[in-house]
1. Residue by residue through region B:493-514, note down the ones that are surrounded by fewer than 22 Cβ atoms within 10 Å (Cβ to Cβ) and closer than 17 Å to residue B:565 by Cβ.
2. For region B:231-249, what are the residues that are under 31 Å from the mean Cα position of the chain (by Cα) and either away from chain A (no Cβ under 14 Å) or among the aliphatic types (A, V, I, L, M) (or both)?
3. Does residue B:531 count as modelled with pLDDT of 85 or more and farther than 22 Å from residue B:50 by Cα?
4. Quick check on region B:429-445. Is at least one of its residues away from chain A (no Cβ under 14 Å), within 17 Å of residue B:500 (Cα to Cα), under 27 Å from the mean Cα position of the chain (by Cα) and crowded, with 20+ Cβ neighbours inside 10 Å?
5. Those residues that are of a type outside the set (A, V, I, L, M, F, W, C) and facing another protein chain (nearest Cβ under 7 Å), I need them from region A:98-109; list them, please.
6. Among the listed residues B:55, B:89, B:62, which satisfies the condition of being in a loop (DSSP other than H, G, I, E, B) and either modelled with pLDDT of 85 or more or assigned by the TED database to the domain that holds residue B:221 (or both)?
7. Out of everything in region A:80-97 that is farther than 25 Å from residue B:495 by Cβ and at pLDDT below 85, what residue ends up being farthest from the other protein chains (Cβ to nearest Cβ)?
Amino acid sequence: MEKPSSKTIEITIISAEGLLINKKQPAKKTNLFITVKTDPFNSRSTGLGHEGGSSPAWNEKLVMELPVHARFITVEARSASRIIATANIPVSDFAGGHLPENYLSFLSYRLRDASGEKNGIINLSVKVNGTGNGRCAASCSRQWMGVQAVGNKVSGGIVTGIPAAYRY
Amino acid sequence: MGNFCSDVKGGQQAVGGGNQAIGGGGGGYSAGHNEAVDFFFRAKGEHALFTPMELSLSATKLRDRDIMSKSDPMAVVYMKKRDGKLEELGRTEVIMNNLDPTWIQKINVTYQFEIVQPLIFHVYDVDTKYHNLPVKTLDLKDQDFLGEASCVVSEIVTKRNRSLTLNLHNRDGRGLKNLGTLTVHAEETVASRNAVEITFRCSALVNKDLFSKSDPFLRISRTVETGGSIPICKTEVVNNNLNPIWKPVCLTMQQFVSKENPLVIECFDFNTSGNHQLIGKLQKSVAELETLYQSKAGANLISPSSGFRRREKVLKSEIFVDRLVEKQLYSFLDYISSGFELSFMVAVDFTASNGDPRNPTSLHYIDPSGRLNAYQQAILEVGEVIQFYDSDRHFPAWGFGGRTPNGSVSHCFNLNGSPSDFEVEGVEGIMAAYRSAIHNFALAGPTLFGQVINKAADIAGHSLSSHHAKYYILLIITDGVVSDLQETINSVVRASDLPLSILIVGVGNADFKEMEILDADNGDRLESSSGRIATRDIVQFVPMREVHVGQMSVVQALLEELPSQFLSYVRGRDIKPLNVPPASS
């Protein structure tokens, strides 16, 4: 049972925009921090936000291991101990496909609160420090549980589900 | 304070910092080099839409026209306008007795990326009797013509050393005698590459609003010799805060001129009425701000004397410099002349709404008399400019919405009809492929850009691995609104972090209002259906019909945003021009 080689990723959390607490007040920068999870047990967090400018900024780099079969990483914006917004980032957006190894991707994602409503945008950059094979988890075709829905075709794409009741 | 914008969101934006788009925000104003417009923007502290350059001229092996001594040469530079007329840009001084002159007098020319700028150089031998007169007053008809040379401004600036040597020939090209050579060297007028990025913070600001706290912003001005001051930039507005920290502002040397030049820093309370109230001000040069930064001390703001009070009052409010960093802001030209290549790709709309190509009213009608249709015009105009910057002249060309010979509709087929190879050679190759494609592919529909954008993004993405310094430009020419706007948005968002710009020309009479969402000039970032948000604005959309009403050409409107989109990519990644050594601290 060989252990598949995993890669490390460097995520720099740059800033967030338009984050509200309780849908009304802009979140206080100095209480905000961001947590990144590559799987339910692996997470890293930034420090508290800087007072720079009108929207919170961290510009903090987090280095984490990315399990080979990870398809998503989760980014959570927290204030004190509460999660006020999350975003799910498909690994295929920054690794694999036509992007070369060690490419620095600048990405931004919509944050949504616990009820699925829009709550701000998160800006970050990601770089994968790969070892060898050059194929990323997103291009591995299987290794997950569940029944394939459509016949024999494996489409291999990433789908992000949003609860229908809260669509916009 | 009447010169602030009246739209609130726009009025609250930071203006004039050098780090922002060279192009003053893109989309909307100005057409070409208009001095009145330029002065207006410079007075407001915003960058002009072009790069002012100086040409230095020298010549070798000029013909000897004088009997007793050598020629006394002078050079005159003209710009050829669109209607063929020559406009004189300037003259050098007269150098005595010299067949290999190096003139000192520089000629100013404004470099505009998005138009072809043909220059004509004439060298004259000035007769002795005119030597003491100002060069401007000389009538060229009375002088002896020594030779003529011509080139295009972009030819000079794309050379690594920005120098171009041309052979002088007779007017109208008659005669092949060797009349000597002329060397033209171009340089950007001011050393605007040096810039300073400053993060300002204030404490204990006075409250000017009734029911809430002040909404402060800073305006920075430069004092001029005549005694007044010219605003060079303003920060964004921080709402409801008496201890604000603003986003860093970037001032270029062109704006502050020298580090000892005193700058006036004013702190205002923003009011939506436009009547902003002054909270306090301060006068400091960049050098003094550096000292403030190093000592981490604050400087007290001053409230100027008013009707009630003869003297100025020193306030408790203080301003701090949290960060001050010197930067090198390379311009678009710096990158291009260092070897960065632009790569051109075209996609043509083959949907049925264009009309049957055999019908003279169709947008795809190929006129046997040679008059170009809207598609041909757009390809030719944009291609002509970009091909100066694309050295290999291999252009991918696709069509979308057309029916292939096997009967199926394709949204990304090769324009040259080849099943595997999508490249054509030169702009003439695109034109030829287009003409034959009109015969070989039937128009169908619907209008979908997603596939061509994805293909262009793949090509741009692949180029990253080979480390070539290339930036891709996809030109999409369409007559209608996209059928699936979200699909297009998704493709654009996916491509927004790549070295790619998408220029969309709308031809015909359709209402293109919906397409302007793609342009994102209003500041709303595009959001894909998977929740990803565009990293940067990579689309420029221009409806051809609207453009022809004004003075600006289609290509000027389309390429207006290109330098700033290119710079947003390279600066965001801290990519420097190729010939710059790696940064030393």
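1. Result: B:494, single match.
2. B:231, B:232, B:233, B:234, B:237, B:238, B:245, B:249
3. For residue B:531, the condition - modelled with pLDDT of 85 or more and farther than 22 Å from residue B:50 by Cα - is met.
4. no
5. Quick first cut of region A:98-109, residues of a type outside the set (A, V, I, L, M, F, W, C) only: A:98, A:100-103, A:105, A:108-109.
Matches in region A:98-109: A:98, A:100, A:103, A:105, A:108, A:109.
6. Working: B:55 fails: in a loop (DSSP other than H, G, I, E, B); B:89 fails: in a loop (DSSP other than H, G, I, E, B).
Unique residue meeting the criteria: B:62.
7. A:81
Here's the yes/no breakdown for (1) aliphatic (A, V, I, L, M); (2) within 32 Å of the chain's Cα centre (by Cα); (3) crowded, with 19+ Cβ neighbours inside 10 Å:
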site	(1), (2), (3)
B:100	no, no, no
B:125	no, no, yes
B:128	no, no, no
B:155	no, yes, no
B:163	no, yes, no
B:170	no, no, no
B:182	yes, yes, yes
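The values are calculated or read from the model by the stated rules, or taken from the named source; none is laboratory data. Because the structure is a prediction, the values reported are computed rather than measured. Using ideal geometry, Cβ is built from the backbone for each residue, glycine included, and neighbour counts are taken over all protein chains shown.
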